[in-house]
Amino acid sequence: MDILLTIHSVVRWAIILVAVIAVVKFALGWLRGGQFGGMDRGLAAGFSGLMDLQGALGLILLVWGGFAGEGLPLDRILHAVSMMAAIATSHQSARWKNAPDQLRYRNTLLTVLGALVLVFVGLAMLRLKPGG
């Protein structure tokens, strides 16, 4: 289980890296009126794909820990719920695949930022302690 936790920890840095690149690229594309191209589609897909991988690893850790006797603490359940919402948000950019480039840049930027806000909320859930 330690190896899964290590992978789960490493993937978060890949998510952060792709998210920072995506936010800059989508913001510049939106502000400069660029054309939404292959790199943009790749960044959006890469971000949501990494979020999927992270979510799968997290669910395995949650279930595995539950069966291993750690139980299902409320903070981990809340973390999982928030992260599932973040994953769902990261996939919303596909809804605008036929939209004009400006709208597509803006909405894809907002989906990445929205997913990051939900990730932040989910991480804060891990800091909750019963009675504290």
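Quick notes on this one:
- Flag: A44 matches the condition of being modelled with pLDDT of 95 or more and outside any loop (DSSP other than H, G, I, E, B).
- Checked against (1) in contact (Cβ under 8 Å) with a residue 24 or more places away in the chain; (2) more than 26 Å from N107 (Cβ to Cβ); (3) in contact with a helix residue (DSSP H, G or I) (Cβ under 8 Å, 6 or more places away or on another chain); (4) not basic (K, R), A19 meets all criteria but (2).
- Criterion (at pLDDT below 95, outside any loop (DSSP other than H, G, I, E, B) and of a type in the set (V, I, T)) met by exactly one of I16, I21, I87, I3: I3
- Conditions (1) exposed (fewer than 15 other Cβ atoms within 10 Å of the Cβ); (2) of a type outside the set (D, E, K, R); (3) under 12 Å from the mean Cα position of the chain (by Cα); number of the one not met by M39: (3)
- Residue list for segment 13-36, restricted to those being surrounded by 15 or more Cβ atoms within 10 Å (Cβ to Cβ) and of a type in the set (D, E, K, R): K25
- Whichever residue in segment 89-98 is surrounded by 15 or more Cβ atoms within 10 Å (Cβ to Cβ) and without any contact (Cβ under 8 Å) to a residue 24 or more places away in the chain and, among such residues, is farthest from L57 (Cα to Cα): W96
- Test result for G71, touching a helix residue (DSSP H, G or I) at 6+ places or on another chain (Cβ under 9 Å), small (G, A, S), exposed (fewer than 13 other Cβ atoms within 10 Å of the Cβ) and modelled with pLDDT under 95: yes
The values are calculated or read from the model by the stated rules, or taken from the named source; none is laboratory data. Note that the coordinates shown come from a computational prediction; the quantities given were computed from them, not determined experimentally. Please note: Cβ atoms are built from the backbone with ideal geometry, for glycine as well, and neighbour counts cover all protein chains shown.
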